[in-house]
Structure formats: C-alpha cells, structure tokens
Amino acid sequence: MAFPIFDGHVIGLISYNLSIRTPNSKEKNGGSTAADDVNSDIIPSASMLKQLAIGVETTKIVKSMKDLMILARDYSPVKERAGLSLYAMKSFVVGEKEDKFAAEFGRDEKVMSFIHLLMDPEGHLSRRKTRSCMDKAPKVTKFSKEVHGAPPESFVPELAEAMGSIKTLKKMALFWSRVVMELRRLWCEGKHIPGIPTDEIPNLNSCLLHQQLQVINCCISRKQRRAIATASLDSVLKQANNIAELSHPPADLLPESPHVYARISSGKFVLRLGADKQLENTTLLDTGEPVYTPVMQEWPLLTEDIIKETEEFVLRTGSVGAGCSQLLSDMQAFKAANPGSILEDFVRWHSPPDWTETNDESKQATGGDISPSRGHLSTRMQKEGNLWRELWQTAKPIPAIRQAPLYYEDLSVEGILNGLENISPSSLFEQLFVSLLSSGCAIAEARVSSNEFLYKVFKECKDYIVLICQSKNWVEKANDICQVYETMAVMALDPERVIKIMNAQPDQTHTKEDPNKLRKTPSKNQKDNPTAAQSSTMFSKKPAKPISC
C-alpha cells in the first residue's frame, strides 16, 4: 500500500509490526490479532468498516433493501408493513415479533443495544457518551464534512457500528427493516430520534441519511410548535368570546389587553390573531399601535436530493411559486397579528433595507411636512407592478395556523420512511461506511492531538483518507482505507507501542524497499496462524456469502 502524501515507509512499517501477533493473555485464550484488538467501546474497529465495505461490493446488483429481503427468503417485517396499524406496530415492539428478533440477534450485543436505544431513547445511555476524550474542536469535527459523513457520536455512526457487527447480508436486511420500523414508530408517537438534533435544518455537509433523519426530527418539533400555537390561538378566541358576551364591556378592559386587541384608524378595537411577541420601539405608521411579530409558517425542509430536484424544476419551468407562496403567507400572518397595518409596516419588519427612516435633514428639505416617525420605501418597492404591492393587496388577515400549509410534514416524513425501506443496499452501506470512518477518525484524533510527534503522522494518514474518499472511485480503494484506519486507531489506543516500533527500527524507515512487500511477507506467527495472516486484508480468499443466505 502506497502513501503518496506522507512517508509510506514509516506507516508501512507501523502497519506491518501491528499485524504481528504478540504473546499475551488474549492470544492464549484464542483472541484476535493485535490489529483487531481495537477496543470498539472507544473507537469503532476496522473489522466493522471491512464488513460494511463487503456490503457495498456484494449488493451493487440489488436495487433495494426490499429486494434484499426477498432474496434473504426469511421472515420479513417489510412485507407486513402495508397492513400495519399503530396498534400492530406497538405489538411488534413488545409481542411475538420481538421474540423472533431477539432470537435472531440476541447474541449481537451492539445490535440489541442499538434497538434498545430506539425503543427507549430517554432511558438508554449511549455507549458513545463514555468516549469522554471527544471534543468539538474544528480540526476534529470538520472531517465528517470533508468526506460527507455524519457528525461524530451521532445516530448514523451508531447505526453503522451495529450494522458492521452483523456477519451476513440476510441479517443486515432484517436488522435494517427493524430499524425503519422503529423510526416509523417514533414518528407516530411524536418522539425524536436519539442522536439527531431535534430542531435543526438538514446539514447539507452530512450524508443524505443524516439529513433525512434531521427532517424527521424537525417535523416532530414543528408539529409540537403547531399544537402550542393552536392552543394559544384558541385561548385568545375564548378570551375574546368572553368579552363579547358582556353587553357593556368596561371601557378600560380593551386597552389593558394590547396583545389581544389593537385599535385601527377608525378607533375600533380589532382582535389580534397569531401574534408572537411585541417588537421593541416599533409602532404602526397609521395607528401608532405596537407592532407584533406574527407566528409564521416555516420554510420547507430541503435535503440535498430535494434541492437538486427543485433546481431542475425551476430551470425547466422558470417557476418561482414557492417564494411567492411564502411571502404571501407572511403578509397574511402579519396582517392578522397587526390590524390596521399597511405595506410600509410590513416592509419595515420583513425587509428593513427597503425602508428609509426620515431624519431631521430630510424634514428640513421638505419644509417640515413629513413626520419624523415616517420614511419612504426603496425605489424597487415604489415601482408600478411591484410584486410585494400586488401580494399585499390580495393578502387577507389569516393567522399562519389557519392558512393552507406550505409544507406537509406528514407527507414528507412518509416519503422519507418509504424511501428508507426501498433504499439501495449499496448506497446505504456506502453512507454507513463513510460515517463510521469519519466518527472513528474524529475520536482517534482527539486522543492523538496532544502528542505532536504522533499527530503529524496521524494527520497525514487522515489527509490520505480524505483524498481517497473525495474521489468518485473510493469504493475500489476501501481496502487501503481500512488498513490506514486500522493504523490510526492503534495510534490512538496504544501510542507508546507505536512510538516504540518507530524508534526500535529507525534504519528501516529510510530503506528503499517497498513497505508493501513487508506486509506481503508473512511472519512466523502468521504462517502458524492463517487467521492472523488474513487480518490485514479486507476480503479473505473465501468468497463472501451469497445474497440469498
């Protein structure tokens, strides 16, 4: 294996020495090789990466996870999904199907731990929280951005670990169907997916899977906010009805409730609807009433695939309808929250650069006829046929909660969940591979960064991985990536041993001999133990199990 960025002889020598088994208690008890002795409770093991890489390679001809389920020829929760009610989904978690799943995966600790995380996200403490060395320094966290993975210690790397610990494609397909089923259950019950931000727009620097899970959590948060806004509006309407029932309401009752009523230019009091909070030091130009920011409809949640589709649609049709719909919605919400408002009031709040306040110099230039509290719109806003003016004239005072939705959370999430059920296995494994890789490297970097000597070697290894992962054909070099990752993990977990290896044979670090030859030459221990000889390669000579298994 060549390392074009750093001295390949040094890293080749480290990799070679780490692949040699040294006598210890684990060996005597039939343990794994030194290279495989990575403590996965701290840093994900390279064997998990290798298993995901095998998944990428062996499922390229399979179109969807449903197809993989069919080829697995075994119990398939996906086949039963169509007729599944919420009650049936709950019984799936606690009933007979749970027993079948436990019987299939009961010995897979990581798999069961991950399922428990989904079933009880509040009570389950993630293993990743024990990795206290992880910090949020930019040099550590930007790696996932560079390789388009998922943030360290988030849901997707946890999922990748669990998937990477499964040894057959059949079980991988069964496990994935269960994960999607649990995601659907969380959505139906209004519970956030653990390890995913609860209310952040999709991070386009992350893999598509992470973005889609962000959308699900955002939709849950939006539905919760809508419920609060609906309750608030109902409360205002109830209060207004109580006042209306009084044949002669006290004269001082209405002015004391500015958040409920506003006086319009005719002197009448009109009910405010959908008001959020008062805007400081700002009043309506015509009535002098305080300005309230309205509760507005939120923008659609866009993942990278939806953005691409939208851009293609705009280029093909020239449509800008989405932007107009959002602007009209904002105007209607503003009118409802601020009775008696005019276009200038809305522009002052929604687009301040398009409004210029009148100062003393302007007042003197016009002979003092203009009130100092007024100003004027920008040139573009004053042009005849301006879109904002046309929309303002058609806008009605309707609170956002009563408007036609601009974005349907239920349809969006249902589309995502259906897409996850039918996701291409190769695409899924690629995203999991890159996410686990970036998470493991970030955790390892946090441990190595304090050692200047090792960190220099580590950084060059990381740069090599980034260079490979950013290429289109990185899957073809997954073997190299796994080997470099294995070396980086041991640097983080056993730095003294790595330094000792490098210092013990300084002459070999400058030899002209290809370090790959060193790896290809089996040691005595490797000759005696074929398993150890195969530990540094991703694919063994034995072919992978067929998809139907």
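So what's the net charge close to Glu311: Lys and Arg +1, Asp and Glu -1, counting the other residues with Cβ under 14 Å from its Cβ? Spell out each step's value before the answer.
Details: positive: Lys308, Arg316; negative: Glu304, Asp305, Glu309, Glu312.
Neighbour charge sum, excluding Glu311 itself: -2.
Roughly what percent of Cα-Cα pairs across the stretch 412-494 reach past 19 Å? Working shown, then result.
Working: 1549 of 3403 pairs.
Counting every Cα pair in the stretch 412-494, those more than 19 Å apart make up 46 percent.
In terms of modelled amide H atoms, which long-range or inter-chain residues lie less than 5 Å from the amide H of Leu279?
Those lying under 5 Å, H to H, from Leu279 are Val291, Tyr292, Thr293.
Amide H to amide H under 5 Å from Gly375: which residues, 5+ apart in sequence or cross-chain, H placed 1.01 Å off N in plane?
Thr358
Only four residue types carry charge here, +1 at the Cβ of Lys and Arg and -1 at the Cβ of Asp and Glu. Report the dipole size of the stretch 413-486 about the Cα centre in Debye, rounded to the nearest 20. Each step should come with its number before you reach the end.
Values: 6 positive and 10 negative charges, 48 e Å.
Magnitude of the dipole: close to 220 debye.
To check my understanding: the extent here is largest minus smallest coordinate of the Cα atoms along each principal axis. What are those three numbers for the stretch 401-446, in Å, largest first?
Ordered largest first, the stretch 401-446 gives principal extents of 51, 28, 10 Å.
Every read-out reported here was derived from the displayed coordinates using simple, explicitly stated rules and does not represent laboratory data. What you see is a predicted model; the values in this text were computed from it and never measured. Neighbour counts are summed over all protein chains in view; Cβ atoms, including those assigned to glycine, are modelled from backbone coordinates with ideal geometry.
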